[in-house]
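The structure's right below; bear with me while I get my questions together.
Throughout, read-outs are computed from the coordinates displayed, never taken from laboratory work. These numbers were taken from a predicted model, which means no experiment stands behind them. Virtual Cβ from ideal backbone geometry, glycine too; neighbours counted across all protein chains shown.
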Amino acid sequence: MPRWENPAPGKADSAALLCRVLEILRRLYGRRPRPGRRNPVGVLVATILSQNTNDANSSAGYGNLTRELATWDAVADAPTGQIVRLIRVAGLAKTKSVRIQAILREIRCRRGQIGLDFLAEMDNDEAYQTLTAFKGVGPKTALCTLMLALERRVFPVDTHIFRIARRLGVLDEKVSFARAHEVLEPLVRPDDRYAMHMLLIAHGRAVCKAARPQCDRCRILQLCPHGQRTMAGVFKEGEGDAG
């Protein structure tokens, strides 16, 4: 994780661009106030379920799981086949069920009970390292847990944010998904990181889509080199058709 709060030398322009993006997205989608602290284990499990699926499916899987099994101990001790059945709607159920149960059991083995409240006593780096030590918990999952459960001023990067950051030119094509948060987090003011995370995801889902971005109705088009190139290509094709 990055240990600094200010952009590195040469990154001030990127930070300023993201600040302008945030202002526009706030006007477009509304402000995103923090929801308050949540149970860290619940957030961790929910984030694992969200991997490689959409919010509706992951929420349905989490709901099934927590309605039928009242405690995390019950989830840890249930037959794996039962967990698979409950979270099937979230996709990759066999992998996720094994992963979730293994993490819950490991927490219990180490701490004597299933809970992650002890993370509140750690700084961001230590808490991040603790979470990513669990098999199947990568940077995004760990940072989402810190941000959503402990209100830490970190910046998780999901596929929408990764895609938009590349299109805006603030993330070099050589930077991997696993390292993207290290580059982007210092570019966003700590107090803005939650809102920026949520608003970029909203924009990625609604407009800046992976396969067919709707650049013609994008409010941040004037800041986006990729979008401007896309629109220039559209206009050029249109001119050819007209001729």
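Taking N as the number of residues in the range 1-138, what value does Rg over Cα atoms divided by 2.2 N^0.38 Å take?
Values: Rg = 18.3 Å, N = 138, 2.2 N^0.38 = 14.3 Å.
Normalised Cα radius of gyration, the range 1-138: 1.28.
Tell me, what is the percent relative contact order of the chain, built from C-alpha pairs under 8 Å that lie six or more residues apart?
It comes to 25 percent, rounded to a whole number.
For V175, V183, V75, what's the fewest-to-most ordering of other Cβ within 10 Å of each Cβ?
V175, V183, V75
Where in the chain are the DSSP H helices whose C-alpha atoms run 18 Å or more along the long axis and whose mean Kyte hydropathy is at least 0.5?
Working: long enough: 12-29 (25 Å, 0.72); 55-68 (20 Å, -1.11); 93-111 (27 Å, -0.59); 193-206 (20 Å, 0.30); 225-242 (26 Å, -0.94).
Helices meeting the criterion: 12-29.
Further question: Under 11 Å from a point 7 Å along the Cα-to-Cβ line of A120: which residues of the range 25-43 have their amide N that close?
Hits in the range 25-43 for A120 at 11 Å: 37-40.
Multiply the residue gap between V98 and R67 by 0.36 nm, knock off their C-alpha separation, and tell me the result in nm, one decimal place.
Working: separation 31, 0.36 × 31 = 11.16 nm, distance 1.91 nm.
That pair, V98 and R67, stretches by 9.2 nm at full extension.
OK, next. Run the Debye formula on the Cα coordinates of the chain, all scatterers equal and no solvent, and tell me log10 I(q)/I(0) at q = 0.12, 0.13, 0.16, 0.18 1/Å.
-0.74, -0.85, -1.16, -1.36
What ranking do 59-70, 108-119 get when scored by the average of other Cβ atoms within 10 Å per residue, highest first? Show your work: numbers first, answer last.
On the way: 59-70: 16.9, 108-119: 13.8.
The most tightly packed comes first, giving 59-70, 108-119.
What is the packing order of peptides 80-88, 211-219, taking the mean over residues of other C-beta atoms within 10 Å and listing the highest first?
80-88, 211-219
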